[in-house]
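The structure appears below as structure tokens.
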Amino acid sequence: MITEGTSTKVSGLPGTVEIAGAPPYLFEWSESAHWLPLAITGLALIAWIVSLRFKRAWAALFGFTLALMALWTLQSARSGLWLPESASLIADEVDGLFHLVMALTSIFYLLTQGVLIWTLLQPAPPGGRAARVHGNHLLELVWFTVPTGLLVYIALVQLPTWAKMKGQVPGAYLAAGYQPASDPADLLLTVTGRQWEWRMRYHSPDQPMPVNPLFWAATPAAEDIHAVNELHAWQGAKVRMMLRTTDVIHSFFLPQFRFKQDMLPGKTIPALLHTDRSNIEADGTERVWEIACAELCGGNHYRMRGKVVIHRDKKEFMDWLNRQKASQSERKESAAALPTPKPEARENQ
Amino acid sequence: MPSMIRNSTKAADSLRGCLVAGLLCLGCMALAGCGVTEIPDSVVYPLRSNALVFLEKAPATAPPGFPPPGKPEMSLDWLAEQQVPLFKPSDLDAKPWGPVWREELNSVLVRHFGSPGKPRVGAADQPALATLAAELFLSPAELERGSHQYRRSCLHCHGVAGEGAGATSAWLNPLPRDFRQGEYKFISTAEHKLKSGFQPLKARPRRADLLRTLHHGLEGTSMPSFALLAEEDIQALASYTLHLAIRGELEYWGLLYALKEDAETLRAIEKNPEKEAQVRAQRLISGALEWEDPEADVEEFVAREKGPLLTAGLERLLERLLREYATADKNAMVPLANPYPADQPVPQTSIANGLKIFQVQCVNCHAGYGRQSALRFDNWGGVVRPANLTIPVYKGGRRPVDLYYRVARGIPPCGMPKANLQDGDPAHQVWDLVHFLMALPYPESLPETIRRQIHGGAKQ
């Protein structure tokens, strides 16, 4: 069911990374996996219908749901359907925030469901009439202040992580708009989403890093290097990305980097990725890390995918970039394209 | 007790409600075709019903604008207003022999191209066609794989028969390509000429050209890159696209020869009015034979043929089309060597020379360097806009060699002629033009005087 961590065999010279064929994606639903949730839901439905013949049917329904969700969550965590491997410096912080919110919501979910089930299991009061309760100041105060306090706490505790994701001084946006954090980025690129692909434009490392990345993002330069659906960087690089879209709202999602940011028409949204890990093994095989679109953007939204390659060092990245640059500045057809490359002869031909 | 009875009726009601809801859910899933991967045999390629466009020369005036979103067919009305003849397949019904012609055409198409579920090129009992198809990697297995992938990736824009009129197409600009005319914009082969002029000059793409489009997409259009598909799927898609293009083109000629009213056909019909269908079929045969041998004897071919004439002509035409595609590699344009060294910056004189050539050759259509381009009709009857060259977005690719192909061979289906470089040194001229085009969007790459002229006074 989960194919993260599987490798695509790499062909070519040692040290170079050329991926043959399509990488398997993060989630490849097999036929059985496809039917599993349906089967479980169906069983629950049947169980509930049967339970309708008895008293306490609603309590049974909530009880079943609760048990199923717990089972599903535990099973997901056990079988690796939990968070993917982390590859950026902020990943641990983001995971921490996620677990915090998860813990808080789980506590309240169990609490409220428990009370609900308990209530439903109570015998009917004498005479079969429900009591009408009006106002309880203490209770109202508690359910007002506790969630408010928790929300404010969550809002504050995530601020530094958010600023790191954006690569800017914490809180600066409110005061003065976008201000890049003072430590310089190693690599600058624009990522432009469109239906249905990601177009990357890399700032050429031969050129001095622009002072204003927002201005650079709006003015293409002749030296820029272009790529489609491939985000390349190297381990330990600070990558400044300027996110744009040419049509509708997209959301640039890098699961391994715990990074997700909407792209809004008419805006250039800055972001910073501090890579921590390479997805290229010692033998040159590549683990699949994907780019996904996380905002429904049209019919082929589900296919708006790309791949991330974090090279082991800057040299390896520069090799890729230079190859990309060379293929972009071809003055004659490369040998590979002449004559027409034919598919390998297959058995049935 | 009464309350117990009431309760149990309630429970029974809920039970019934749940069962009905469950069955409805299952029914919806079945309707949506959940889990169906086979394409049923009932799915067939529809015979062309929209008007054929055959532009012998560009219409006199430009279209009034782009058709509004959702109404791409409006441009055909504009063409009709300009007295450009449109050939409507429905006109066949008015002719006594029309339905027979249509049926024969359809049976040839079904025999040689199968259906979306079982696509093929060339009926199995015709070894000559099968050999050619195999050479082009159009085996049934390859095409079946391509057909499945086409349904996932291409159908919603390009349509079942490659007519470029899928569900989303009407809202796109530029429109998705209609493959059924056998014309291509971004390819690298030179045109070949026919001696007589009935057939338009068409260049066939190399397989590499199709693969390049599939891999890189067409930037600036709605065609995305499919580079992340498995290489086998991309190859299969290239094969399937060829299958649709060849099927569509055979259908195109089959309908056009039935409807076209050129002087020679009309003369022949006048002499023999009761045999109009045969006369038209013979014209089709002569068109099919002309490519390899302009002096070919149609009479002799007809005399030899025992079966129906149209079928024979279409099969001969199919063989010709396959042969043309198979020889596309031989027609590949080999770019002249760039006279300027690759490892040094392009000299400013080259860019300045390029501007001079641009002002003579290109500026009529790419007015204001493309910023004020006038719209025009393309060979599909659609409306296109000559590119704005001050923006570095290149549909056919951004490599210098891609721009070379665009300049040196033109984009004939949308009326872009090849650069006319007769006097002087062609290699220098064409590369100067390419260098100018490559520098044009970037003010800092242009010589000072040219920058002022194009991008205004302020230095960026």
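The values are calculated or read from the model by the stated rules, or taken from the named source; none is laboratory data. Quantities reported herein were computed from a predicted structural model and do not represent experimental measurements. Note: ideal-geometry Cβ built from the backbone for every residue, glycine included; neighbour counts use all protein chains shown. Side chains included, ligands, DNA and RNA excluded: accessible areas come from the protein's heavy atoms. Shrake-Rupley method; radii C 1.70, N 1.55, O 1.52, S 1.80 Å.
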Worksheet item: Taking N as the number of residues in the stretch B:348-455, what is its Cα Rg relative to 2.2 N^0.38 Å?
Response: 1.03
Practice prompt. Could you name the aspartates and glutamates whose alpha carbon sits less than 17 Å from that of A:LYS314, not counting residues in the same chain fewer than 8 places away?
Written response: A:GLU18, A:ASP186, A:ASP206, A:GLU230, A:ASP276, A:GLU281, A:GLU286
Worksheet item: Can you give the accessible area of B:SER42 in Å² (nearest 10), computed on protein heavy atoms with a 1.4 Å probe?
Response: 100
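What number, in percent, do you get for the relative contact order of the stretch B:348-455 if the mean sequence gap of Cα pairs under 8 Å and at least 6 apart is divided by its residue count?
On the way: 136 pairs, mean separation 35.8, N = 108.
Rounded, it is 33 percent for the stretch B:348-455.
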Item to complete: Please report how far the C-alpha centroid of the stretch A:201-241 lies from that of the stretch B:371-450, rounded to the nearest whole angstrom.
Response: 26
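Given the rule -39500 (n - 2.57) for each run of at least 4 DSSP H residues, summed and divided by the residues of chain B, what is its mean residue ellipticity at 222 nm, to the nearest 500 deg cm²/dmol? Could the numbers behind the result be given before it?
On the way: 16 runs with 215 residues, N = 460.
After summing the helix terms and dividing by the residues of chain B, the value is -15000 deg cm²/dmol.
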Worksheet item: Using θ = phi - 60° and the Karplus form 6.51 cos²θ - 1.76 cosθ + 1.60, what ³J(HN,Hα) does each residue of the stretch A:133-148 get, whole Hz, x for Gly and Pro?
Response: 10, 10, x, 8, 4, 5, 4, 5, 4, 5, 7, 8, 6, 4, x, 4
Discussion item. Greater than 20 Å separation of Cα atoms is the criterion. Which listed pairs, B:LYS275/B:LYS306; B:LYS57/B:LYS395; B:LYS202/B:LYS306; B:LYS95/B:LYS260, meet it?
Written reply: B:LYS57/B:LYS395; B:LYS202/B:LYS306
Fill in: For residues of B:228-235, the mean tally of beta carbons on other chains within 10 Å
5
Worksheet item: How many angstrom lie between the C-alpha centres of the stretch B:283-361 and the stretch B:139-171?
Response: 26
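Under the definition of Cα pairs under 8 Å and six or more residues apart, what whole-number percent is the relative contact order of chain B? Write down the numbers at each step before the final one.
Working: 621 pairs, mean separation 73.9, N = 460.
After rounding, I find 16 percent.
Normalised by the number of residues in the stretch A:185-235, what is the relative contact order in percent for Cα pairs under 8 Å and 6+ residues apart? Before the final figure, lay out the partial values.
Values: 55 pairs, mean separation 20.2, N = 51.
So the answer I get is 40 percent.
Using the Kyte-Doolittle scale, find the helices of chain B whose mean hydropathy is at least -1.0 and whose Cα atoms extend 30 Å or more along the helix's long axis, counting only whole DSSP H runs.
On the way: long enough: B:2-31 (43 Å, 0.81); B:231-259 (42 Å, 0.24).
Long hydrophobic helices here: B:2-31, B:231-259.
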Discussion item. Could you put A:LEU159, A:LEU52, A:LEU151 in order of accessible surface area, largest first, with the 1.4 Å probe and the full protein assembly present?
Written reply: A:LEU151, A:LEU159, A:LEU52
Worksheet item: Based on the alpha carbon coordinates of chain B, what radius of gyration and maximum Cα-Cα distance (Dmax) apply, in Å?
Response: 27.0, 109
Worksheet, complete the sentence: Under 5 Å from the placed amide H of B:GLU73, counting only residues 5+ away or on other chains, we find none
Fill in: Under 5 Å, built H, 5+ apart or other chain: amide partners of A:TRP234
A:HIS311
Worksheet, complete the sentence: Counting only protein heavy atoms and leaving out ligands, DNA and RNA, the solvent-accessible surface of A:LYS325 at a 1.4 Å probe, in Å² to the nearest 10, equals 70
Worksheet item: For the stretch B:88-255, what does the equivalent ellipsoid look like in terms of its semi-axes, each the square root of 5 times an eigenvalue of the Cα gyration tensor, given largest first in whole Å?
Response: 26, 20, 18
Discussion item. What does the structure give for A:326-332 when I average, per residue, the other chain Cβ atoms found within 10 Å of the residue Cβ?
Written reply: 6
Worksheet item: With every protein chain in place, what's the accessible area of A:THR219 (1.4 Å probe, Å², nearest 10)?
Response: 40
Item to complete: Calculate the translational D of the stretch B:288-349 in whole µm² s⁻¹ from Stokes-Einstein, where the hydrodynamic radius comes from the Kirkwood formula applied to all Cα pairs, the temperature is 25 °C and the viscosity 0.890 mPa s.
Response: 158
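Just the number please: accessible area per residue for the stretch B:348-455, 1.4 Å probe, all protein chains included, in Å². All intermediate terms of the calculation are to be shown ahead of the outcome.
Values: 4260 Å² over 108 residues.
Each residue of the stretch B:348-455 exposes 39 Å² on average to a 1.4 Å probe.
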Fill in: Accessible surface ranking that places the most exposed of A:MET165, B:MET416, A:MET263 first, with a 1.4 angstrom probe
B:MET416, A:MET165, A:MET263
